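What follows is one structure encoded as structure tokens, with my remarks underneath.
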Amino acid sequence: MKPQEIILRPIQTEKSSNLKGLKNIVCFEVLRDANKIEVKKAVEKLFGVKVEEVKIVNLKRKPKAYGRYRGYRPGFKKAYVRLKEGEKTIEFFEGA
């Protein structure tokens, strides 16, 4: 599987921004059936950094209602990737 298929998008939230600044941890949405080893190799290949640790979280789907219509928001898999000390952090929006 290609690294571009495993890493779907970066997750930019207040929590992920704090983790990036304090602990050098970057957050990504990843493919549903990707494991820690595949995520580690994909991040190292795509961004040219060394990864120390990967933690994966499965987020379940949430019920949502719009008027009388009921449905679910899809769930997804999130990966917290800690970079090794001394590695440059991954910047997604430079100059913004």
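The values are calculated or read from the model by the stated rules, or taken from the named source; none is laboratory data. Since the model is a prediction, treat every value here as computed from it, not as a measurement. Note that we place each Cβ from the backbone using ideal geometry, even for glycine, and neighbour counts take in every protein chain shown.
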Checked against (1) surrounded by fewer than 11 Cβ atoms within 10 Å (Cβ to Cβ); (2) outside any helix (DSSP H, G or I), ILE37 satisfies every condition except (2)
Breaking point among (1) within 20 Å of PRO3 (Cα to Cα); (2) aliphatic (A, V, I, L, M); (3) modelled with pLDDT under 95, for VAL54 | (3)
What number of residues in region 74-92 are over 23 Å from GLU5 (Cβ atoms) and touching a strand residue (DSSP E or B) at 6+ places or on another chain (Cβ under 9 Å)?
-> 4
Quick one: how many residues across region 63-84 are without any contact (Cβ under 8 Å) to a residue 12 or more places away in the chain, part of a strand (DSSP E or B) and of a type outside the set (Ser, Thr, Tyr)?
-> 5
Would you call GLU87 surrounded by fewer than 10 Cβ atoms within 10 Å (Cβ to Cβ) and modelled with pLDDT under 90?
-> no
